[in-house]
Amino acid sequence: MSIYIDSHKAVLKQVGDLFLDMYSPLPNHHLNHFNPSEGEGYSEIYDFGKLCVGKGKYWVDRPLKMSAESPTNAFGITILLSGTHHIKNHSTNHEYHIRSPMIILRKGSLGLQTIYLQENKEMSLITLDFNETFLEILESNFQHHELVKFFLSGSGSALKTITIPNKNVLHQAHYLLNLPFAQSSIDLLHLEGAALELMSLLLDNNTKPDEVPVSITKTIEILKTDFEQKITIRALAKQVGINECDLKRLFKVYTGKTIGHYLLEIRMKHAQILLKEGVSIEYVANQIGYSSAQYFRQVFERHFGYRC
């Protein structure tokens with residue numbers, strides 16, 4: 001059994017009967033439902049070796065507090081997608097009020113903590129936990145990334161909050177959250193793939209910031225953040241402070257793509273995510289910046305070679 005799942009079970013035992021244990025025949029997979037007498041929701045956790053991914057969404061009918069101490073000394077990332085995390089660390093006597101959406105980085109053993117839950121407020125989150133072996137992989141490939149620097153700095157326990165870097169991360173986190181409960185090995189593969197994609201998106205943010213001009217990194221961030229808006233070269237150039245010709249030339253030099261192609265790839269990636277969720281073509285077109293569903297279909301088919 002996974003040390004992360006064992007730790008998860010130990011924490012839930014400390015908070016009483018808030019969660020009901022649901023049997024799962026799948027290896028290294030655990031599912032809990034919120035006690036209906038207290039509220040509604042679930043937690044699901046799956047350890048596939050490289051990472052242990054957890055997800056949860058719940059509401060409580062009355063204000064509650066959960067106090068527990070995790071026995072696991074590990075590294076982890078929590079992506080808070082909805083609700084407000086009010087946490088008290090009893091070792092440091094420090095209280096955190098963390099509003100979603102936000103990323104919480106944590107390392108070491110944080111000791112006894114109390115989480116305060118507001119009534120009738122949705123709380124949803126994704127967790128990614130890993131060990132020193134996986135951290136060594138991150139260090140060898142992403143040692144200059146701000147996220148990895150946190151886990152490498154110092155030897156003590158620590159907690160830090162950072163903003164979600166872009167909408168790619170946010171959309172992928174919601175996609176993972178909304179995957180149905182795993183009931184087969186194929187479902188576990190979907191869960192694993194979505195978790196690895198989320199981790200890669202977290203690590204993809206400004207991997208080489210010193211080598212790329214500020215104007216280009218700003219342009220990339222605008223495209224990733226505002227891809228559903230009408231974006232023109234003229235407006236982009238004005239926002240990042242260079243002329244249109246230089247922007248187009250430098251963008252191609254540092255990304256290998258035109259601005260239009262780069263924006264198209266972002267939109268098509270989000271289109272695939274939305275289509276996986278089963279929403280309508282009209283909704284997808286509107287969400288990624290196309291006013292016409294028919295035109296979106298044409299663009300999608302040209303890009304991927306098949307009809308959506």
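The values are calculated or read from the model by the stated rules, or taken from the named source; none is laboratory data. Just so we're clear, the structure is a prediction, and the values are computed from it rather than from any experiment. Glycine also receives a Cβ, built like all others from the backbone with ideal geometry; neighbour counts cover every protein chain displayed.
Values as computed for the structure displayed
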{"quantity": "Candidate set: the stretch 122-137, residues that are of a type in the set (A, V, I, L, M, F, W, C) and within 15 Å of Gly49 (Cβ to Cβ); chosen: the one surrounded by the fewest Cβ atoms within 10 Å (Cβ to Cβ)", "calculated": "Ile137"}
{"quantity": "Residue check for Phe19: buried (at least 16 other Cβ atoms within 10 Å of the Cβ), at pLDDT below 90 and more than 23 Å from the chain's Cα centre (by Cα)", "calculated": "yes"}
{"quantity": "Positions within the stretch 1-39 being in contact (Cβ under 8 Å) with a residue 60 or more places away in the chain, polar (S, T, N, Q) and assigned to a helix (DSSP H, G or I), in sequence order", "calculated": "Ser7"}
{"quantity": "Residues (of a type in the set (S, T, N, Q), within 20 Å of Ile164 (Cβ to Cβ) and out of contact with any Phe, Trp or Tyr (no Cβ under 9 Å at 6 or more places or on another chain)) located in the stretch 218-262", "calculated": "Thr225, Gln229"}
{"quantity": "Matching residues, the stretch 72-99, being closer than 18 Å to Ser43 by Cα and at pLDDT 80 or above", "calculated": "Gly76, Ile77, Thr78, Ile79, Leu80, Leu81, Ser82, Gly83, Thr84"}
{"quantity": "Residue tally, condition without any contact (Cβ under 8 Å) to a residue 12 or more places away in the chain and small (Gly, Ala, Ser), over the stretch 122-148", "calculated": "1"}
{"quantity": "Residue that is surrounded by the fewest Cβ atoms within 10 Å (Cβ to Cβ) [pool: residues in the stretch 138-188 that are over 17 Å from Leu201 (Cα atoms) and touching a helix residue (DSSP H, G or I) at 6+ places or on another chain (Cβ under 9 Å)]", "calculated": "Pro180"}
{"quantity": "For Gly54: the one exception among (1) at pLDDT below 85; (2) at negative phi", "calculated": "(1)"}
{"quantity": "Condition check for Phe251: surrounded by 13 or more Cβ atoms within 10 Å (Cβ to Cβ), part of a helix (DSSP H, G or I) and either over 27 Å from the mean Cα position of the chain (by Cα) or of a type in the set (Phe, Trp, Tyr) (or both)", "calculated": "yes"}
{"quantity": "Wholly within the stretch 48-121, strands (runs of 3 or more DSSP E) carrying at least 2 residues that are polar (S, T, N, Q) and either touching a residue at least 24 places away in the same chain (Cβ under 8 Å) or under 24 Å from Glu38 (Cβ atoms) (or both)", "calculated": "74-82, 84-89, 112-117"}
{"quantity": "Residue selected from the stretch 40-51 under the condition on the phi < 0 side of the Ramachandran plot and not aromatic (Phe, Trp, Tyr), by the criterion surrounded by the fewest Cβ atoms within 10 Å (Cβ to Cβ)", "calculated": "Glu40"}
{"quantity": "Asp226 being within 30 Å of Gly76 (Cα to Cα), modelled with pLDDT of 90 or more and surrounded by 14 or more Cβ atoms within 10 Å (Cβ to Cβ)", "calculated": "yes"}
